[in-house]
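The values are calculated or read from the model by the stated rules, or taken from the named source; none is laboratory data. This structure is a prediction, so every number in the text was calculated from the model and none was measured. Cβ coordinates were reconstructed from backbone atoms using ideal geometry, including for glycine residues, and neighbour counts include every protein chain displayed. Accessible surface is based on the protein model in full, side chains and every heavy atom, while ligands, DNA and RNA are left aside. Shrake-Rupley method; radii C 1.70, N 1.55, O 1.52, S 1.80 Å.
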Amino acid sequence: MKKTLLKRFLTTGLTFALLTVGLGGCGNSGDASTSGSSGDAGAASAESTADSRTADQGNTDAVTIYAATSGSTNPYTTVDENNNVTGYDCEILKEAFSRLPQYDLEFVVTDFASIFSGVTSGTYQIACNNFSYNAERSESYLYSYPYDKISYVFVTKKDAKPVTTFADAAGLTFEGSSGVSVTTAVEKWNEDNPDQTINISYTEAETPVMLQHIEDGSVDFGIIDLAMYVAYQDQYQFNIQKNDITDEDAKKIAENNYAYYLYSYDNKDLRDEVNTVLKEMEEDGTISRISQEWFGQDTAPEKELFEETIN
C-alpha cells in the first residue's frame, strides 16, 4: 500500500504546489518574494481550491480575503480527497474568520514562491503555510500572533547512526529546498564550521519524495517538523527514524519555535483584526482544542505571546 500511495503522489503531486518548505515545512527562512511566478489573478483562479469561504454567506457586503497556501505541508496545510483545503493552520484561520462576518475567506493553492509574490502584489492578503519567524522576512511582511508551537527532528534511515546535532551530520548529505529555515540553518552551519561541513543537495521535491530519498539512501538525512514526520509516517510507513534534536541545535534552525500568518505592511489593519480573534481563541481554548484534534496534544502558544506582535 505504501508504494502504491507514493507512486500516486509522485505522478500527481505536481497538481499541487511544490513543497519548498521541504523537510522543515514549518519554518521557511528568507524573503522569497522575488522568485517564482508573480501570483497574477489568472494563475490564482486556476489554482484556487474552493471549499474555504467561512464567513456569513448571507452578507453580500462582505469583503473577500484570499489566503495563499501550498496545500502540501500536511498536517498543517493540505488538500483532502474532496479537493478541500484543510490542515491545522487552515482550520485555525477558518475559525478566526467565522468570527469576522465582515469578511469571506477563500484559500488559494499556489506554489511556494507565489505565496510571497502574491502577498506583496496584493493578489493574496494572507500567507498561510506554517511560517516561522526570521528577522529578514519581518522587514517585508507583518507577522500575526503565533498560533502553534512547533518542534523539529533529524530524520535518518532506520538503523543508521543517529544524527542529533549538526556536528553529527558533518560529511553527510542533506536534502532541502533553498530559502527554507532548515536549509538556511545547514548553510549557516557550513559557513561557521568550514572543517565540519555538511553536503547539501538542493531540491524542489515535496516532503514525501525527500523522505523516500532518505529511505533509499540517495541522501543521508533531513530535518523536518515533528508533526509532519508523524503524519507522513502514518501515511507511507517509510523505513526511516526520527532523532531528537538537542535544544542548542534546535535554536540554530529557527529564531523561535512558533508558527505565524504573514501579511503585507499594507494590510496591518487586517492583521490586527485577525489577531484580536486569535487572542479570543487562545483565551476560550479554541486553539488548544483544534491542536488536540490535529496533533493529539495542546500546542497553543503561551498566553503572554498574544499581548504584543513580534513586528
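Residue check: is TYR145 open to solvent by less than 10 Å² (accessible area, probe 1.4 Å), among the hydroxyl-bearing types (Ser, Thr, Tyr), part of a loop (DSSP other than H, G, I, E, B) and in contact with a helix residue (DSSP H, G or I) (Cβ under 7 Å, 6 or more places away or on another chain)? Here the answer is no, as TYR145 does not meet what is asked. As a summary of the residue check, TYR265 satisfies the conditions (1) open to solvent by 90 Å² or more (accessible area, probe 1.4 Å); (2) free of Cβ contacts under 8 Å to residues at least 60 places away in the same chain; (3) not aliphatic (A, V, I, L, M) except for the one numbered (2).
Of the candidates GLY71, GLY118, the single residue that is more than 13 Å from the chain's Cα centre (by Cα) and either open to solvent by less than 40 Å² (accessible area, probe 1.4 Å) or under 21 Å from ASN257 (Cβ atoms) (or both) is GLY118. Here ALA231 passes the criteria (1) touching a residue at least 60 places away in the same chain (Cβ under 8 Å); (2) more than 20 Å from the chain's Cα centre (by Cα); (3) open to solvent by less than 30 Å² (accessible area, probe 1.4 Å) except the one numbered (2).
To keep it simple, each residue is scored yes or no on (1) open to solvent by 40 Å² or more (accessible area, probe 1.4 Å); (2) within 21 Å of THR184 (Cα to Cα); (3) at pLDDT below 95; (4) not hydroxyl-bearing (Ser, Thr, Tyr).
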position: GLY222; (1), (2), (3), (4): no, yes, no, yes
position: TYR236; (1), (2), (3), (4): no, no, yes, no
position: GLU248; (1), (2), (3), (4): yes, yes, yes, yes
position: ASN256; (1), (2), (3), (4): no, yes, yes, yes
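Filtering region 89-108 to residues that are farther than 21 Å from VAL63 by Cβ and crowded, with 24+ Cβ neighbours inside 10 Å leaves only ASP89.
Among the residues of region 180-197, those that are surrounded by 20 or more Cβ atoms within 10 Å (Cβ to Cβ) and not polar (S, T, N, Q) comprise VAL180, VAL182, ALA185, VAL186, TRP189.
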